[in-house]
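The structure appears below as structure tokens.
The values are calculated or read from the model by the stated rules, or taken from the named source; none is laboratory data. All values derive from a computational prediction rather than experimental measurement. Cβ placement follows ideal geometry from the backbone for every residue including glycine, while neighbour counts extend to all protein chains displayed. These area figures cover heavy atoms from the full protein model, side chains too; ligands, DNA and RNA do not enter into them. Shrake-Rupley method; radii C 1.70, N 1.55, O 1.52, S 1.80 Å.
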Amino acid sequence: MSDAREKAVPHLSPEEFRRLGHRMVDWIADYWARLESFPVRAAVAPGEVAAKLPAHAPEEGLEGAEGWEAIFRDLEDVVLPGLTHWQSPSFFAYFPSNASGPAVLGELLSAGLGVQGMLWSTSPAATELETRVLDWLGELLGLPATFLSSSGTGGSVIQGTASEAALVALVAARERARRALGREAEWVAYTSTQTHSSVLKAAMLAGVANGAQDSVHVRQIDTDAGYALRPDLLEKAVREDLAAGRQPLFVCASLGTTSSGAMDPVRAVGEVWERTGVRASGGWLHVDAAWAGSALVCPEYAALRDGLDVADSFAFNPHKWLLTNFDCNAFYTRDRKALVDALSVTPEYLRNAASASGAVIDYRDWQVPLGRRFRALKLWFVLRHYGARGLRTYLREHIRLAERFAAWVEEDARFELAVPRSLALVCFRLKPRPGEVPGDTDTRNRLLLERLNASGQAFLSHTVLPGVDGAPARYVLRLAIGAVRTEERHVRAVWERLVALAGSGE
């Protein structure tokens with residue numbers, strides 16, 4: 001027995017939790033209000049944050065709410081200096097990672113409720129709310145009705161990330177293909193050279209690929225001049241594999257590639273699957289729209305839906321550009337049986353009458369982990385707070401700002417667009433000087449980006465786009481507009497800074 005003289009476990013009382021909760025919400029609100037005062041990219045050296053932290057955990061805990069003064073000091077002195085401020089209105093790197101007020105409140109409520117929603121029976125509201133909210137979202141996106149839970153064969157689930165969605169789709173594809181063929185096979189997955197690396201990683205995790213360098217079982221298909229997958233080359237690769245005794249299993253089409261925002265021709269990819277007989281043997285077409293999928297909320301981008309009616313799954317990240325904080329990937333499939341068949345493992349301690357009835361969804365069978373948070377709350381809050389009209393207004397403003405920035409690039413003789421603007425993504429660079437070798441042009445662009453980011457006034461990222469028709473690869477700057485608080489003045493400011501750096505010869 002423990003010594004009765006030991007102190008009681010120092011839980012916060014309801015009153016202390018209330019005071020600290022109010023203060024933490026105030027701190028977050030103040031942080032959002034002062035975002036523009038911080039350098040956008042963290043300016044610390046490796047190990048600098050760790051050096052401010054004790055080497056070992058404390059033996060004694062804090063004394064009530066008053067002891068938390070030290071934590072609030074450390075937030076200011078240790079944490080903030082080591083942050084790259086993804087919520088800054090001048091954050092234009094990678095793709096956005098939205099955190100709106102309604103979403104953060106939903107996350108807080110999820111943490112406070114502390115629900116583990118692995119089974120319907122462990123919290124029916126967590127399951128049924130998620131199912132309904134994802135159907136709402138699917139309708140807003142204009143997805144085919146077969147992706148909705150009401151279809152009878154399809155349905156949706158919140159995954160953590162697009163990487164998890166790709167892995168789940170690939171594992172489901174393999175299970176379905178095994179059933180269709182009645183045997184195991186030497187599987188092959190297909191992507192474009194511009195597809196996100198998560199698909200290759202999914203193939204490695206699923207045992208389809210033997211490693212990151214396996215080009216036999218993951219075929220990376222070349223792209224056209226706009227960096228979209230070429231269906232003719234896909235068909236050639238598929239037929240080569242069939243002739244060699246390998247079995248095409250999975251193809252990922254991207255809507256909005258990471259490097260340049262390219263849109264793969266989904267319908268044409270599906271037609272290759274049909275012509276080659278791969279679909280009849282269980283082959284799976286997955287559409288990864290991690291960033292660009294949010295734009296489907298706007299009717300004017302309905303063309304991006306072309307071909308989704310022949311896709312087996314579709315996934316996008318509301319946590320990128322739809323005001324819902326990380327992590328939240330909306331995954332839709334027309335074949336939920338394939339997911340459940342591939343991922344269901346039911347030990348005795350999880351058996352219950354509701355699951356046995358077949359009348360409920362157990363989302364643990366739709367994902368890699370067993371456990372799951374109540375992530376649907378934040379998405380529910382966002383959809384209810386903003387409504388479809390508010391979401392469309394938000395997305396359209398970012399696209400308008402990207403149009404402005406692209407126009408400024410085209411009007412300046414020193415700069416060029418590397419590819420046409422894609423929604424709210426602009427890929428641009430300094431033009432080659434007369435007689436300049438490509439490597440020197442790349443160096444000037446690299447230095448321009450480094451100096452801009454070092455200023456702390458904005459943060460952009462880069463990519464390298466392959467050459468077309470024998471041309472060399474190009475180092476390209478990427479400006480992705482999508483932060484919650486970005487306004488035209490922030491976009492104009494980063495352009496003026498770029499112009500100043502280019503003009504100074506820095």
Item to check | Cβ-based charge dipole, the chain, positive-most Cα from ALA454, TYR94, GLY21 | outcome: TYR94
Checklist entry - Nearest 20 debye, what's the magnitude of the dipole of segment 393-506 about its Cα centre given +1 on Lys and Arg Cβ and -1 on Asp and Glu Cβ? => result 240
Next on the checklist: Using a 1.4 Å probe on the protein heavy atoms, what percent of the accessible area of the chain belongs to carbon and sulfur?
Outcome noted: 55
Item to check | trypsin sites (Lys or Arg not before Pro) within segment 327-369: DSSP coil, no more than 12 neighbouring Cβ in 10 Å | outcome: ARG351
Item to check | Assigned charges on the beta-carbon of Lys, Arg, Asp, Glu; segment 106-384 dipole about Cα centre (debye) | outcome: 420
Checklist entry - If you take the charge dipole of the chain about its Cα centre, with +1 on Lys and Arg Cβ and -1 on Asp and Glu Cβ, which of LEU370, ALA189, PRO39 is farthest toward its positive end? => result ALA189
Checklist entry - Given labels modelled 7 Å from the Cα in the Cβ direction, how far is it in nm from ALA125 to LYS52? => result 3.9
Checklist outcome for this item: Only helices counted: for the chain, with every DSSP H run of 4 or more residues adding -39500 (n - 2.57) and the sum spread over all residues, [θ] at 222 nm is -12500 deg cm²/dmol
Item to check | Loop sites in segment 25-65: trypsin sites (Lys or Arg not before Pro), DSSP, at most 11 other Cβ within 10 Å | outcome: ARG34
Item to check | Kirkwood Rh in Å, taken over all unlike Cα pairs in segment 276-328 | outcome: 12.4
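Given a 1.4 Å probe, how much area per residue of the chain is accessible, in Å²?
Value returned for the chain: 45 Å² of accessible area per residue.
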Checklist entry - Over segment 106-384, what lengths in whole Å, largest first, do the semi-axes of the equivalent ellipsoid take, defined as the square roots of 5 times the eigenvalues of the alpha-carbon gyration tensor? => result 30, 22, 16
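Treating the beta-carbon of each Lys and Arg as +1 and of each Asp and Glu as -1, no other charges, what is the dipole magnitude of the chain about its Cα centre, to the nearest 20 debye?
800
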Next on the checklist: As a test, work out the antiparallel percent of DSSP beta bridges whose residues both lie in the chain, rounded to the nearest 5.
Outcome noted: 60
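Once you have the Kirkwood Rh of segment 447-506 from its Cα pairs, apply Stokes-Einstein at 4 °C and 1.567 mPa s and quote D in µm²/s.
The calculation lands on 100 µm²/s.
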Item to check | Signed unit charges on C-beta, dipole axis of the chain, positive-most listed residue VAL208, VAL272, THR346 | outcome: VAL272
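What FRET efficiency would be calculated for the residue pair ALA471, ALA45, taking the C-beta separation as r and a Förster radius of 25 Å, to the nearest 0.05? Provide the component values of the computation, followed by the final result.
Values: r = 38 Å, r/R0 = 1.53.
The computed FRET efficiency comes out at 0.05.
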Checklist outcome for this item: Expressed in square angstrom to the nearest 10, the accessible area of PHE374 with a 1.4 Å probe stands at 20
Checklist entry - For the chain, what are the DSSP H helices with axial Cα length of 27 Å or more and mean Kyte-Doolittle hydropathy of at least -1.0? => result 14-33, 162-181, 376-411
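Which whole-number percentage describes the relative contact order of the chain, with Cα contacts under 8 Å and a sequence gap of 6 or more?
21
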Item to check | Quotient of Cα Rg and 2.2 N^0.38 Å for segment 47-179, N being how many residues it contains | outcome: 1.52
